[in-house]
Amino acid sequence: MTSATDRILAAVDHLFEREVEFLEELVRFRSLRNEEAAAQDFLARELENRGFTVNRFRTDASRIGEHPAFSPATVAYDESWNIVACKAAAGGGRSLAFNSHVDVVPAGSPQRWRTPPFEPNRRGDWLYGRGAGDMKAGLVASIFAIDAIAEAGLTVCGDVQVQSVVEEEITGNGAATAFALGFTADAVLSPEPTDEQLVRANAGVIKFRLETKGRPAHPREPDSGQSAIDLMIRLIGRLRELECRWIAERENKPLFHNIANPVALTIGTINGGDWIASIPSDCVADGRIGFYPGDDPKDRIAEFEAFVKHVQAEDPAFDGEPLVTLTWVGVTHAGYELAEGTMAEAGLRTAHAITHSGDALPAYVMACYLDAAIFSVHGNIPSLVYGPIAENIHGIDERVSLPSLRRVTKTLALFAADWCGVMEA
């Protein structure tokens, strides 16, 4: 008799073309911040058709400042919809939550893409499109992993959730809302694009907005003015000093010791001035900076704020005046380290070895924010991050490897079957 493992692997292969078509459909949704509702409606319908009970809820702004998992936000959440699809089992197995985010970052300049960013395009072994890798492929893999178990004539013994949240790319408040509402499990697996590696640790992150105020003037009298843009450039240069200081701390952080820049001060947007022939009055820049697992984000925020105040007080360019405003506008969350030796990790290692001809599961560190931190830090839940090979995420011509997606779907299916247990349907 064919083993359950062989049946599941064969089922993934049988369903794979349907899986890729599903992913293509999902990529077509332009699920930018506060524009995710249509994609969530699509997913809700598909999951309901699969027998899941779908919970649809808005990101909860009322918990910002009240619940430690939540971070500051600058938008209303009236159209910020999350879904958690639940399938209850009567077999008494362990529960599992697949956690994914459906929100994507802007596509930049669409004309620089070989094909339109929200028109999925298969070329060879790759599927191109914004969000194809980060992380709609992983979300779809989690759905089709459960599909494959059913296709194999099996049913899971433990409760399973498919979480599709928003706000991962900016605040993490979608996952925080799911967590606060009690959508947890004995293990969480987030299929982010990790090149088929396990994330051993991720960085904490704080996201900020800086505003500089200059003195506007006519170019005939440039010395009478002060450029807000020049002030911002100078301030960013000074912040590199703080970045270097925080990078140096990696010497005492074994998991981050070999990462060239685990902090990554990044200025993502900048806007200044209002007239080509005027000394600019105002400039605004948004950015992020990372820190290490175990650090309290409140302490890092205080250190960042003190540094900005120090620059204003001692740098002659600022004349000692309060010309800089600092606001926290996104993730202010701690990082985490995945403890070694959990049963969840052991199960994933076994599943990975089966789908990779016996190869061991590699692990690495991601110096960025991950929603898995919500469940790890605040719920002490084993939170595994493992997903497909993807390239150019957040960049031009983002793409996901289809052979990798097939392997990852098989790994997720085998992991779910082992973790939750299965029985004949």
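The values are calculated or read from the model by the stated rules, or taken from the named source; none is laboratory data. Nothing here was measured: the structure is a model prediction, and the numbers come from that model. In this analysis, Cβ positions are derived from the backbone assuming ideal geometry, glycine residues included, and neighbour counts consider all displayed protein chains. Remember, those area values only see protein heavy atoms, side chains included, never the ligands or the DNA or RNA. Shrake-Rupley method; radii C 1.70, N 1.55, O 1.52, S 1.80 Å.
Looking at (1) over 15 Å from the mean Cα position of the chain (by Cα); (2) open to solvent by 50 Å² or more (accessible area, probe 1.4 Å); (3) in contact (Cβ under 8 Å) with a residue 60 or more places away in the chain; (4) farther than 20 Å from residue 189 by Cα, which is the one condition that is false for residue 403?
Failing condition for residue 403: (2).
Go through the range 310-354 and count every residue that is within 15 Å of residue 381 (Cβ to Cβ) and in contact with a Ser or Thr (Cβ under 6 Å, 6 or more places away or on another chain).
1
Pull up the range 242-300, narrow it to residues that are surrounded by fewer than 16 Cβ atoms within 10 Å (Cβ to Cβ) and of a type in the set (Ser, Thr, Tyr), then point me to the one that is farthest from residue 74 (Cα to Cα).
278
Looking at this structure, is residue 134 over 27 Å from residue 5 (Cα atoms), modelled with pLDDT of 95 or more, among the acidic types (Asp, Glu) and not in a loop (DSSP other than H, G, I, E, B)?
Answer is yes for this residue.
With a cut-off of at least 1 residues that are farther than 30 Å from residue 315 by Cβ and in contact with a Pro (Cβ under 8 Å, 6 or more places away or on another chain), name the strands (runs of 3 or more DSSP E) lying wholly within the range 182-239.
Here the list reads 187-190, 198-202.
Residue 357 fails exactly one of the following numbered conditions: (1) in contact (Cβ under 8 Å) with a residue 40 or more places away in the chain; (2) surrounded by fewer than 18 Cβ atoms within 10 Å (Cβ to Cβ). What is the number of that condition?
Every listed condition holds for residue 357 apart from (1).
Residue 179: aromatic (Phe, Trp, Tyr), out of contact with any strand residue (DSSP E or B) (no Cβ under 6 Å at 6 or more places or on another chain) and within 27 Å of residue 295 (Cα to Cα), yes or no?
Details: aromatic (Phe, Trp, Tyr): yes; out of contact with any strand residue (DSSP E or B) (no Cβ under 6 Å at 6 or more places or on another chain): yes; within 27 Å of residue 295 (Cα to Cα): yes.
Answer is yes for this residue.
Residue-by-condition table, conditions (1) open to solvent by 40 Å² or more (accessible area, probe 1.4 Å); (2) of a type outside the set (A, V, I, L, M, F, W, C); (3) assigned to a helix (DSSP H, G or I):
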site	(1), (2), (3)
330	no, yes, no
339	yes, no, no
345	no, yes, yes
369	no, yes, no
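Look at residue 11 and say whether it is in contact with a helix residue (DSSP H, G or I) (Cβ under 6 Å, 6 or more places away or on another chain) and either open to solvent by 70 Å² or more (accessible area, probe 1.4 Å) or among the small types (Gly, Ala, Ser) (or both).
Answer is yes for this residue.
Condition check ((1) modelled with pLDDT of 95 or more; (2) in contact with a Ser or Thr (Cβ under 7 Å, 6 or more places away or on another chain); (3) among the hydrophobic types (A, V, I, L, M, F, W, C)) across all residues:
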{"site": "392", "(1), (2), (3)": "yes, no, no"}
{"site": "395", "(1), (2), (3)": "yes, no, no"}
{"site": "400", "(1), (2), (3)": "yes, no, yes"}
{"site": "423", "(1), (2), (3)": "no, yes, yes"}
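Could you identify the single residue in 351, 417 that is modelled with pLDDT of 95 or more, open to solvent by 10 Å² or more (accessible area, probe 1.4 Å) and part of a helix (DSSP H, G or I)?
417
In the range 34-78, which residues are of a type in the set (D, E, K, R) and crowded, with 18+ Cβ neighbours inside 10 Å?
36, 46, 60
Mind listing whichever residues of the range 160-218 are within 30 Å of residue 230 (Cα to Cα), of a type in the set (A, V, I, L, M, F, W, C) and open to solvent by less than 10 Å² (accessible area, probe 1.4 Å)?
Across the range 160-218, the qualifying residues are 205, 206, 208, 210.
With the requirement that a residue be open to solvent by less than 10 Å² (accessible area, probe 1.4 Å) and hydroxyl-bearing (Ser, Thr, Tyr), what does the range 371-384 give you?
Correct list: 383 only.
When residue 321 is evaluated against the numbered criteria (1) open to solvent by 20 Å² or more (accessible area, probe 1.4 Å); (2) over 22 Å from the mean Cα position of the chain (by Cα); (3) of a type outside the set (Val, Ile, Thr); (4) modelled with pLDDT of 95 or more, which criterion, by number, is the only one it fails?
The single condition residue 321 does not satisfy is (4).
Could we say that residue 285 is part of a strand (DSSP E or B) and touching a residue at least 40 places away in the same chain (Cβ under 8 Å) here?
yes
Restricting to the range 117-126, name every residue that is over 29 Å from residue 369 (Cβ atoms), in contact (Cβ under 8 Å) with a residue 24 or more places away in the chain and part of a loop (DSSP other than H, G, I, E, B).
Within the range 117-126, just 125 meets the criteria.
Please work out which one of (1) on the phi > 0 side of the Ramachandran plot; (2) surrounded by 15 or more Cβ atoms within 10 Å (Cβ to Cβ); (3) of a type outside the set (D, E, K, R) is the condition residue 16 fails and give its number.
Going through the list (1) on the phi > 0 side of the Ramachandran plot; (2) surrounded by 15 or more Cβ atoms within 10 Å (Cβ to Cβ); (3) of a type outside the set (D, E, K, R), residue 16 breaks only (1).
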